[in-house]
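Structure, as structure tokens:
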Amino acid sequence: MIKMLVCDFDGTLDGGSSHGVNRLFDYLTKQPDIRFIIATGRTLPSIRVGLASNNYPKPHSIISDVGTRIHHNHSQKPDHIWHNQLESSWNKSKVESALAPLDFMGERIENHQGDYKITFEGKLSDPQYEQIESSLKLHGVDVHLTYSHDWYLDITPRGVNKATAIHHLLKQHKLSVEEVCVAGDSANDTAMLTIKGVNSILVANHYPEVAHLSDRDNVYTSRATHAEGVLEGLKYWQLRTGASR
Ligand SMILES: [Mg+2]
């Protein structure tokens, strides 16, 4: 039985028709037992603006900044346990020093940066990406890199991404991965879409960078795009897990 739906925002929930958003909203309203969670690469202020732009369901929790920030309830109370845990494993200035010699890192837009996340924007070639990895290693910096949309490079503490943030929520709510549906469209969703045992939805409009995930048994690739694709996938997994209505 599905008790939690975790949705990426840009390109997954957002970007399609308002009709699709309304259908998902209506469906979730009738199923109050499903906790609705947003998991995005955006910062909290940015996702707040995004969520206010349409009739999106109100999330019970928001995972923002690629998993490095979690806020709960409609009051968006910060999850101090999660944030304190990251504090000890994150040294921003060490990351910055390791990357300072590289002149191809792209733009660092101020309001896209998080307390535990550095984001560079620009196209990177494979050799450049490898150079970034080597430079971090050389400086003894152990972090997690996510390159998505062939444009965004997110640097977060080692082992921290949307998937680990979801595991944190599962522990809090005493849920198992089999009771969760996750939906995404790009490489920063890969970690959560590939959680062992989770029920995943890859929306039809996904990026080529994640097309290979369609072959996995735990991944349902929807025919519809965006929010309509999420709803289609949610219903599919509800049927499969024996709780359709
Ligand atoms: Mg996305």
Q. Among (1) modelled with pLDDT of 95 or more; (2) part of a helix (DSSP H, G or I), which single condition is Ile63 missing?
A. (2)
**Q.** Residues of the range 138-152 classified as away from the ligand (no atom under 13 Å from the Cβ) and crowded, with 16+ Cβ neighbours inside 10 Å, total
**A.** 4
Q) Just one of the numbered conditions (1) within 26 Å of Lys92 (Cβ to Cβ); (2) modelled with pLDDT of 95 or more; (3) assigned to a strand (DSSP E or B) is not true of Ile201; which one? A) (1)
**Q.** Matching residues, the range 164-192, being buried (at least 24 other Cβ atoms within 10 Å of the Cβ) and assigned to a helix (DSSP H, G or I)
**A.** Ala165, Ile166, Asn188, Asp189, Met192
Q.
Need the failing condition index for Arg69 against (1) within 16 Å of the ligand (Cβ to nearest atom); (2) surrounded by 17 or more Cβ atoms within 10 Å (Cβ to Cβ); (3) not aliphatic (A, V, I, L, M), just the number.
A. (1)
(Q) Could you list, ordered by first residue, the pairs with Cβ atoms under 7 Å in which the first is in the range 198-211 and under 25 Å from Glu179 (Cβ atoms) and the second is among the hydrophobic types (A, V, I, L, M, F, W, C) and modelled with pLDDT under 95, at least 6 apart or interchain? (A) Val210/Ala187
Q: Find the residue count for the range 224-245, including only residues that are more than 17 Å from the chain's Cα centre (by Cα), within 21 Å of His149 (Cα to Cα) and not small (Gly, Ala, Ser).
A: 1
Q) Do we have Leu239 as free of Cβ contacts under 8 Å to residues at least 40 places away in the same chain and open to solvent by 30 Å² or more (accessible area, probe 1.4 Å) here? A) yes
**Q.** Enumeration of residues in the range 122-136 that are among the polar types (S, T, N, Q) and open to solvent by 60 Å² or more (accessible area, probe 1.4 Å)
**A.** Gln131, Ser134
Q: Please determine, by comparing only the residues of the range 1-50 that are over 16 Å from Cys181 (Cβ atoms) and part of a strand (DSSP E or B), which one is farthest from the ligand (Cβ to nearest atom).
A: Asp14
Q.
Among the residues of the range 74-95, are any within 16 Å of the ligand (Cβ to nearest atom), assigned to a helix (DSSP H, G or I) and open to solvent by less than 60 Å² (accessible area, probe 1.4 Å)?
A. no
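The values are calculated or read from the model by the stated rules, or taken from the named source; none is laboratory data. This structure is a prediction, so every number in the text was calculated from the model and none was measured. A quick note on method: Cβ atoms are made from the backbone with ideal geometry, for glycine too, and the neighbour counts reach across all protein chains shown. Ligands, DNA and RNA are stripped out before the accessible areas are found, and what is left, the full protein with its side chains, is counted by its heavy atoms. Shrake-Rupley method; radii C 1.70, N 1.55, O 1.52, S 1.80 Å.
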